[in-house]
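The values are calculated or read from the model by the stated rules, or taken from the named source; none is laboratory data. Fair warning: this is a prediction, and the values are worked out from it, not measured in the lab. Cβ atoms come from the backbone with ideal geometry, glycine included; neighbour counts cover every protein chain shown.
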Amino acid sequence: MAAAVKPADLPMADRVRVREERLLSDNHYILKTTTFDYLRADGQWQTQHRETYDRGDGAVVLLYDPVRRTVILTRQFRYPAFAKGYRQLMVEAPAGLLDDADPETRIRAEAEEEAGVRVREVRFLFKAFMSPGSVTETLHFFAADYVRDDVVGPGGGVEGEGEDIDAFEIGFDTAYAQMEAGEIVDAKTILLLRWAREHVFPG
């Protein structure tokens, strides 16, 4: 007699049965609520309810000068953080949604739009789900070195999209110290600064 197949050995598509999906909002992005049955590891089916927020995928880049030990970051207002009680502008690496472009094309455009930097070569690092419990977004992480001649404009973002971005250059060690002190709290930027500490600015 063949041994029973364990749920963990099944493809995930065989462990999820969607029963109902309802659209809650498509005002700007897409918010849905879904009822589904999930096959647990113990072999029991359990009905669960989840909301998913689909805002598309995105890309982010760390701009760094390895000779002068600097990075270019941005400051901008983030209402969800404000609503949570955060009362500073959010310090971030340049980033944006893909908007149907491929990740490298999009991040080159974002670097120039937000930080005024025309990127020569860009290096793909990794991609990650930033909040997989509720948000569908996959974020593509990049790094690109720059020199002063690569700064071709002031940045600032696209006013018509509500962006009011301040791009600034900062010493990497200062930025890293601010991160460790809890002054830089944006997750994607923290990941990139930690990557740079290991791969670009060790010690």
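What the table shows:
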| read-out | value |
| --- | --- |
| Selected residue (criterion: farthest from Glu121 (Cα to Cα)) from residues of region 86-97 that are surrounded by 19 or more Cβ atoms within 10 Å (Cβ to Cβ) and within 12 Å of the chain's Cα centre (by Cα) | Glu92 |
| Members of region 7-49 that are in contact with a Gly (Cβ under 8 Å, 6 or more places away or on another chain) and not aromatic (Phe, Trp, Tyr) | Pro7 |
| Any chance Pro103 is surrounded by 15 or more Cβ atoms within 10 Å (Cβ to Cβ) and in the same structural domain as Trp195 (by TED's automatic domain parsing) | yes |
| Condition broken by Asp149, with the remaining ones in (1) more than 21 Å from the chain's Cα centre (by Cα); (2) in contact (Cβ under 8 Å) with a residue 60 or more places away in the chain satisfied | (2) |
| Residue check, Thr105 part of a helix (DSSP H, G or I), within 29 Å of His28 (Cα to Cα) and touching a residue at least 12 places away in the same chain (Cβ under 8 Å) | no |
| Residue among Glu137, Glu163, Glu114 that is closer than 13 Å to Leu73 by Cα and surrounded by 16 or more Cβ atoms within 10 Å (Cβ to Cβ) | Glu114 |
| Residue in region 150-157 that is of a type outside the set (Gly, Ala, Ser), part of a helix (DSSP H, G or I) and either exposed (fewer than 14 other Cβ atoms within 10 Å of the Cβ) or in contact with a helix residue (DSSP H, G or I) (Cβ under 8 Å, 6 or more places away or on another chain) (or both) present | no |
| Any hit, region 51-64, residues being surrounded by 15 or more Cβ atoms within 10 Å (Cβ to Cβ) and part of a loop (DSSP other than H, G, I, E, B) | yes |
| Filter pass, Gly182 being surrounded by 18 or more Cβ atoms within 10 Å (Cβ to Cβ), at positive phi and not hydrophobic (A, V, I, L, M, F, W, C) | no |
| Any hit, region 87-94, residues being part of a loop (DSSP other than H, G, I, E, B), within 21 Å of Ala177 (Cβ to Cβ) and of a type in the set (S, T, N, Q) | yes |
| Sole exception among (1) in contact with a strand residue (DSSP E or B) (Cβ under 7 Å, 6 or more places away or on another chain); (2) at pLDDT 95 or above for Gly182, by number | (1) |
| Residue in region 159-167 that is assigned to a strand (DSSP E or B), at pLDDT 95 or above, of a type in the set (A, V, I, L, M, F, W, C) and at negative phi present | yes |
| Subset of region 69-85 that is over 19 Å from the mean Cα position of the chain (by Cα) and in contact (Cβ under 8 Å) with a residue 60 or more places away in the chain - its residue that is surrounded by the fewest Cβ atoms within 10 Å (Cβ to Cβ) | Arg69 |
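Residues are listed down the side, and each one gets a yes or a no for (1) surrounded by fewer than 10 Cβ atoms within 10 Å (Cβ to Cβ); (2) free of Cβ contacts under 8 Å to residues at least 12 places away in the same chain; (3) in contact with a Ser or Thr (Cβ under 7 Å, 6 or more places away or on another chain):
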residue	(1), (2), (3)
Pro7	no, no, no
Arg15	no, no, no
Arg19	no, no, yes
Leu23	yes, yes, no
Phe36	no, no, no
Leu39	no, no, no
Gly43	no, no, no
Gln46	no, yes, no
